[in-house]
Amino acid sequence: MSSPCLTLENVSKTYMSNRDGRLVTALADVTFSVNAGEYLCLLGRSGCGKSTLLSVISGLTELDAGTIRNNGELVCGPNRHRMLMFQQDALFPWLDVLGNVMYGLQFVERMSRDEMQKKAEAYLDLVGLSNVHHFHINQLSGGMRQRVALARALAPDPNILLMDEPFSALDAMTREQLYADMQRIWKETQKTVIMVTHNAREAACLGTRIILMSAGRVIDDQPISLPHPRTMNDTGIGQTASLISQRLQQKENVESIQ
Ligand SMILES: Nc1ncnc2c1ncn2[C@@H]1O[C@H](COP(=O)(O)OP(=O)(O)OP(=O)(O)O)[C@@H](O)[C@H]1O
Ligand SMILES: [Mg+2]
């Protein structure tokens, strides 16, 4: 049994709305833990708090209440142990592909420029981008950009990879290829992954566990025990995705009645 690599206890976060100055509850009393090596998917409707949850885990957003620990240490700011990857447009357009991946390595102590370059090249190989090291970001397709973003997030060797809808801006074919590669990379690197998605099929295809959220709360938490690698055409994926969607609907109805 692996030990928890992340624990959240009674985490809450409220924002002041820019529109009318009212308080918006983004996270309310969120408690769960994640074991090393899990692939956790966070699923829920728009506005339920998924991105806020990733952001507080990364340390970029401060909590109002509660605690988050990564391998026992209190999270109180961003660091290279929890790297965050966004939906799109998060690469630096003034750096080439290699430069983007090397960027994150400057936060790793005691690494020469040569070592940084070797490491960046190794991660570009891992994500299947061996031949575009000196391409500009605007020469890349959407799928290639997300591969660069993935290599950049992995290069500092974080113990948790946080992904906010990393595949949702891509076309279906590119997405499916990335699902296959993501499973291979997750297995090879043995990273703990926490990934936000709107898509129940995507969660069923990738996750070892799915947490459902509604109005800032965790409303369901279930393991997905189908073997990896999975593809979107597997019968188990469709069935699991339907069950997840039904559960989300049922739980949300119950929540709104209470
Ligand atoms: N910086 C902010 N200032 C004010 N309100 C915010 C801010 N960030 C998020 N919110 C509000 O907090 C709630 C949760 O937002 P969040 O972005 O975490 O949801 P989400 O589940 O990621 O949504 P989506 O699926 O649309 O990305 C929403 O009501 C949102 O409007
Ligand atoms: Mg979001």
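Some points to look at:
- Using 0.36 nm per residue and subtracting the Cα-Cα separation, the extra length available between Met232 and Ile257 on full extension is 5.6 nm.
- Interchain or long-range residues, amide H under 5 Å from Met195's placed H: Leu40, Cys41, Leu42, Met163
- Qualifying trypsin sites (Lys or Arg not before Pro) in region 113-206, where qualification requires a DSSP coil assignment and no more than 13 other C-beta atoms within 10 Å, are lacking entirely.
- The distance between label points at Ala28 and Ser245 comes to 2.7 nm (points 7 Å beyond Cα on the Cα→Cβ vector).
- Here's the picture: charge each Lys and Arg Cβ at +1 and each Asp and Glu Cβ at -1 in region 205-251, and of Gln250, Pro223, Thr235 the one pushed furthest to the positive end of that dipole is Gln250.
- Only Lys, Arg, Asp and Glu carry charge here, each on its Cβ (+1 for the first two, -1 for the last two); on that basis the chain has a dipole of about 60 debye about its Cα centre.
- Value at 222 nm in deg cm²/dmol, rounded to 500, when DSSP H runs of n ≥ 4 in the chain each add -39,500 (n - 2.57): -11000 deg cm²/dmol
- Pair Ala172, Gln88: separation of 7 Å Cα→Cβ label points (nm): 1.8
- In this simple spin-label model, placing a label point 7 Å from the Cα along the Cα-to-Cβ direction at both Ser112 and Asp64 gives a separation of 5.1 nm.
- Karplus (6.51, -1.76, 1.60) ³J(HN,Hα), θ = phi - 60°, over region 137-144, in Hz, Gly and Pro reported as x: 4, 6, 8, 9, 6, x, x, 5
- Vicinal HN-Hα couplings computed from phi for region 63-75 (Karplus, 6.51 cos²θ - 1.76 cosθ + 1.60; Hz; Gly/Pro x): 7, 8, 8, x, 9, 10, 10, 10, 6, x, 8, 4, 7
- Residues whose amide H lies under 5 Å from that of Asn35, counting only those 5 or more places away or on a different chain, are Cys5; hydrogens are built 1.01 Å from N in the peptide plane.
- Spatially, region 17-93 and region 187-237 are offset by 17 Å when compared through their Cα centroids.
- Under-5 Å amide H pairs with Val11, H placed in peptide plane, nonlocal only: Asp29, Val30, Thr31, Thr67
- Degrees separating the helix 172-189 axis from the principal Cα axis of the chain, which is the longest one: 80
- Region 93-173: chymotrypsin sites (Phe, Trp or Tyr not before Pro) in DSSP loop, at most 15 other beta carbons within 10 Å: Trp94, Phe135
- Rg and Dmax [Cα atoms of region 1-154; Å; Rg one decimal, Dmax integer]: 17.9, 52
- Principal-axis tilt of helix 113-126 within the chain, Cα atoms, nearest 10 degrees: 60
- Listed peptides 14-21, 155-162, 67-74 appear in the order 155-162, 67-74, 14-21 once ranked by packing, highest mean of other Cβ atoms within 10 Å at the front.
No lab work stands behind these numbers, since they all come straight from the coordinates. What you are looking at is a predicted structure, and each value in this text was computed from that prediction instead of being measured. All Cβ positions, even for glycine, are placed from backbone atoms using ideal geometry, and neighbour counts span all protein chains on display.
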